[in-house]
Amino acid sequence: MKRITLLDLNKNRTRKTKRWLGWLAFGMMLCFGQMGFAQTVQIGSGATTTTAVSTTVPVTNYSYSYCQMIITEAQITAGGGGVGEIQKLRFYNASIGTTSSWADDWTIYLGNTAKTSFSSNTDWVALADLQEVYTGAVSPVANDWWEIIFTIPFNYTGGNLIVAVDENTPGWLGTPTFFTFSSGTDTAILYRTDNVADNPDPANPPLVGTGGLLALTNILL
């Protein structure tokens, strides 16, 4: 019969302890990797209410619109966020107007970017550099945050963030108002149209959009 010495037992305990500590460290890495947006991260806290007009984001008082917004890393950090998984997006409306005219068909894209501003009204971020996270109707509510839960979570890796909204509901009646804040210069680009044959395609953005937008809607991530 093999004899087990005290030294053998100590080695066995050491191996088990190292293995347990290894799994603990791995679990903590996974946990912290997902904590960047486990809490609410607020971008903007402006109290100005802006009625959706021809040059507002995320939607306008035109039939169709497509916009891209830059959320800076500094804004994300100031809101308490960090690297991690983004699972939802929330907006705040003072009023929602007639939602059947603007909330029935959205597609939302997110992207990591080094871009700090749009250099012109044609400086669209290519669709290949964005990830579609949601498509379908949205459910706005007045005087409160309302959320869009992503079908596919987005992995934010740091730096600035692109939020793109493609609004495809034809017609316009009953204008919503959003709470907005003043962001940096040229941090949004927008195209809008009332031509039913001219619904913008994010895969082939219109040649000329509206640039230089400063007011972004308050967002929760």
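Here are a few things to note about the model shown:
- Among the residues of region 180-205, those identified as more than 16 Å from residue 106 (Cα to Cα), touching a Leu at 6+ places or on another chain (Cβ under 7 Å) and not in a strand (DSSP E or B) are 183, 185, 187.
- So residue 198, is it loosely packed, with under 14 Cβ neighbours inside 10 Å and either without any contact (Cβ under 8 Å) to a residue 60 or more places away in the chain or in contact with a helix residue (DSSP H, G or I) (Cβ under 8 Å, 6 or more places away or on another chain) (or both): no
- In region 74-86, the count of residues that are on the phi > 0 side of the Ramachandran plot and within 17 Å of the chain's Cα centre (by Cα) is one or more.
- Each residue in region 88-98 was checked for being surrounded by 18 or more Cβ atoms within 10 Å (Cβ to Cβ) and either among the polar types (S, T, N, Q) or more than 19 Å from the chain's Cα centre (by Cα) (or both), and 3 of them qualify.
A quick yes/no check of all residues on (1) more than 15 Å from residue 220 (Cβ to Cβ); (2) in contact (Cβ under 8 Å) with a residue 60 or more places away in the chain:
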| residue | (1), (2) |
| --- | --- |
| 81 | no, yes |
| 86 | no, yes |
| 98 | yes, yes |
| 105 | yes, yes |
| 109 | yes, yes |
| 112 | yes, no |
| 117 | yes, yes |
| 130 | yes, yes |
| 150 | no, yes |
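For every residue, the table says whether it meets (1) within 16 Å of residue 69 (Cα to Cα); (2) in a loop (DSSP other than H, G, I, E, B).
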| position | (1), (2) |
| --- | --- |
| 93 | no, no |
| 97 | no, yes |
| 108 | yes, no |
| 118 | yes, yes |
| 121 | yes, yes |
| 125 | yes, yes |
| 145 | no, no |
| 151 | no, no |
| 155 | no, no |
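- Of the residues screened, residue 171 is not one that is within 17 Å of residue 75 (Cα to Cα) and surrounded by fewer than 23 Cβ atoms within 10 Å (Cβ to Cβ).
- Residue list for region 137-163, restricted to those being surrounded by 12 or more Cβ atoms within 10 Å (Cβ to Cβ), over 12 Å from the mean Cα position of the chain (by Cα) and more than 29 Å from residue 100 (Cβ to Cβ): 158, 159
- Residue count for region 68-80, restricted to those that are more than 20 Å from residue 189 (Cβ to Cβ) and touching an Asp or Glu at 6+ places or on another chain (Cβ under 9 Å): 0
- Residue in region 160-179 that is at pLDDT 90 or above, over 17 Å from residue 52 (Cβ atoms) and assigned to a loop (DSSP other than H, G, I, E, B) present: no
- Residues that are polar (S, T, N, Q), farther than 17 Å from residue 154 by Cβ and outside any loop (DSSP other than H, G, I, E, B) do occur in region 65-72.
The values are calculated or read from the model by the stated rules, or taken from the named source; none is laboratory data. Only a predicted model underlies this, so the values are computations on that prediction, with no experimental measurement involved. In this analysis, Cβ positions are derived from the backbone assuming ideal geometry, glycine residues included, and neighbour counts consider all displayed protein chains.
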